[in-house]
């Protein structure tokens, strides 16, 4: 059940109506049923997995908290982490590792026929397993007390607005909101509606239209024209942002309508000027999860420079692997890790460069850094989007050696269409950046908002893609 | 604690309400604007944009008393098989204007839905061109998707009767689309409008030149291999009785009856088909079809020009099984012009109340200007 379908609209209207009519305890039970119904609409067989993960972490959470012995705490933490990673590993990575194992042995002249399983990847598995692991880890770290209310905990695991594509909520943020009665105010309802509207606009008008520019380029084989690849990367950069941030906005909006505050997952990532800044703005729930549960336990930046670089690289490599069982995702992760390491290495040198004098010079300098770093991010997106490493190689090569001319109807049409579908996003993004407020449009005058909405209506009606296209991050 | 905001609905969503009102007002102004429809028509293409081209044509038809109007209706057969410029040049001498309202994939279902819109324009003559396949083919997903351009809620009871609720449920997206399109022409024609806007901007920014396309999309004759492949694939069953056949018959009867009752002369013409077309289906289909149309022509009182009444068309005059090429188009257009100009030898022409151009006493001496005819060329 995709957010951008009539089916979901009907579902939410019913759920919301019931939600408003019920008292707190029954609201939570209803939310649990609704979340399971929502998840079942993808594939009811995988409800079993969520329930297993829920029971596992509920029990482990209580046991960790109740254990006096540190070894026993560690044991139950191990059960939780191992259990969740096993589920994730099996469904997501079994065939990948089997295929690569076969290839590796083949390189040594050994022929092996591994048993490939016809495994369907359960939607959202990467998200909810990480979410539940954070619960037990935080209990182990004594940052959180476990809840004895199993049904409420189950709502935390399966909460439908953020179940299939995040944000990956922390128990200490979401669980108290579930356990306590929530106040649904008119202002929250309106804010929620705005977020849902803007999220749908990002998905239906921007992301799905940009997909029509990007997909044919990546569906074709070599040779590639560098100019075409570059424009498709620009388009993909905004496609993936609008697809994912759009989903997050809808999730936050749905939550807000019900009185929940779900974390912000994107904070103008393309205004970043360096990789560290980027990862504080892009997929914030994942980057903070990796920081808190992987990077810091590995030692973070506290054990010397070499260890820091190693920890950064490992964290980003696993971050890439989290996205998918494929070498392109791993390379993307390594690339992001490399950017972080290089930035750390160059940071002392960069600090010595004097800042430009004058406001205009500073703004120009900032703009150039943003544009430069945006292009570095786009190179990463090339690996992320490519179907295979071979394709990524040929495309990268075309950028360097086969750029070609930017003249020509096809290229200009691509450029034009990319601008057509992103101009309003740019306007809103600049306004958000200038006012340092993601809700800047919502907080403008009623007249400005009315005009903004009318423009969105026209763009949605005329150019909106109505096919109910899936969100990119569902595949993770 | 129960949520309490329903009882404290003090803040009215002014921006949202204003935006809805502003949208309704601006859309109303836009769709009443001739310039808007001219723009969409100018940057449209036949086939893909048949819906909006038809809308434009219907909106620009003038109901002048001294003018006689002829509507050519049907599917892409009509769009492709008539040279409207030629017809209007010739018919214009007799104070008559023809409008080509042929649209891709049109069946009696679409004609039934369009009936009221057509009759509202008070034509003198409606010429309906179709062939056996029109009544003996499936009504598939594409047809449901296109339905929004012509949708009339009066069709729903017939869908329910002949397709059943299961099919209607499976096509709920198309039905909802069609219902929404009834409220908003912008929504109805959004695909075409979007394409027009893109084409216009690309043209004016010199990215891609736009030249108004010819009203015909089929340019090259299919090779012989195409015909043989299609015949082999069809295995004599390309057309046949379908769940849709009875519905199309009933709707055709309702359509014809209503047209004739409104004093409009209806002429049903068997669309020319490639000599090999008969190999796609069994002979009994033709027999049943001819017999049905003849019976209805007698009962309702419209003119039926069967295949035997048409000039003979050879293989060289066809693009494919059902569409004429330039050569065939000229022949068919000449034939129609002769029929409408009173050169018909059929006895049933003179027996109709509004014989039109055949009546010399009614012939006006004033000339219809050529530009008026060519303003509504073969689009739609």
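Since every read-out is calculated from the coordinates, none of them should be taken as a lab result. From a predicted model like this one, the values you see are computed outputs, not experimental measurements. Neighbour counts are summed over all protein chains in view; Cβ atoms, including those assigned to glycine, are modelled from backbone coordinates with ideal geometry.
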Within a 10 angstrom radius of the beta carbon, how do B:29, A:472 rank from fewest other beta carbons to most? B:29, A:472
Projected area, mean over directions - chain B, Cα convex hull, nm²: 24.9
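Can you sort A:375, A:283 so the residue with the fewest Cβ neighbours within 10 Å comes first?
Details: A:375 14, A:283 23.
Arranged by neighbour count, lowest to highest, A:375, A:283 become A:375, A:283.
What FRET efficiency would be calculated for the residue pair residue B:210, residue A:78, taking the C-beta separation as r and a Förster radius of 60 Å, to the nearest 0.05?
Working: r = 67 Å, r/R0 = 1.12.
After rounding, the FRET efficiency stands at 0.35.
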Using 7 Å Cα-to-Cβ label points, what is the residue A:185/residue A:419 separation (nm, one decimal)? 4.3
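Which whole-number percentage describes the relative contact order of the range A:162-307, with Cα contacts under 8 Å and a sequence gap of 6 or more? Intermediate values should be presented prior to the final figure.
Working: 163 pairs, mean separation 46.3, N = 146.
Normalised by residue count, the contact order of the range A:162-307 is 32 percent.
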Residue exposure sequence - B:320, B:50 - by fewest surrounding Cβ within 10 Å: B:320, B:50
Shape call, the range A:1-75: gyration tensor on alpha carbons, a/c limit 1.5: oblate
Of all beta bridges DSSP finds with both residues in the protein assembly as shown, what is the antiparallel percent, to the nearest 5? 10
Rounded, prolate or oblate for the range B:212-275? Axes are the square roots of the Cα gyration tensor eigenvalues, ordered a ≥ b ≥ c, and the cut-off for rounded is a/c under 1.5. oblate
Spin-label pair residue A:318/residue A:172, simplified geometry with 7 Å Cα→Cβ offset, distance in nm: 1.9
Quick one: helix B:326-338 against the long Cα principal axis of chain B, what's the angle to the nearest 10°, folded into 0 to 90? 80
Say R0 is 25 Å: what FRET efficiency, to the nearest 0.05, do residue A:446 and residue B:28 get from their beta-carbon distance? 0.70
Between residue B:170 and residue B:38, what length in nm is gained on full extension when 0.36 nm per residue of separation is reduced by their alpha carbon distance? 43.9 nm
How far is helix B:14-31 tilted, in degrees, relative to the longest principal axis of the Cα atoms in chain B, given as a value from 0 to 90 rounded to the nearest 10? 20
With an 8 Å Cα cut-off and a minimum separation of 6 or more residues, compute the relative contact order for chain B in percent. 28
In whole Å, what is the distance between the alpha-carbon centres of the range B:269-319 and the range B:81-122? 20
So how far apart, in nm, are the two label points at residue B:203 and residue A:108 if each is 7 Å from Cα heading toward Cβ? 6.7
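Rounded to the nearest 5, what % of DSSP beta bridges with both residues in chain B are antiparallel?
In chain B, approximately 10 percent of DSSP beta bridges are antiparallel ones.
Looking at the square roots a ≥ b ≥ c of the eigenvalues of the Cα gyration tensor of the protein assembly as shown, which shape do they give, rounded for a/c under 1.5, prolate if a/b is larger than b/c, or oblate? Let's see the in-between values first.
Values: a/c = 2.15, a/b = 2.04, b/c = 1.05.
Prolate, because a/c is 1.5 or more and a/b exceeds b/c.
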Before anything else, pin down the relative contact order of chain A: Cα pairs under 8 Å, at least 6 apart, normalised by residue count, whole percent. 18
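Can you compute the FRET efficiency between residue A:366 and residue A:220 using 1/(1 + (r/R0)^6), with r the Cβ-Cβ distance and R0 = 60 Å? Round to the nearest 0.05. It would help to have the intermediate numbers written out before the result.
Values: r = 37 Å, r/R0 = 0.61.
It comes out at approximately 0.95.
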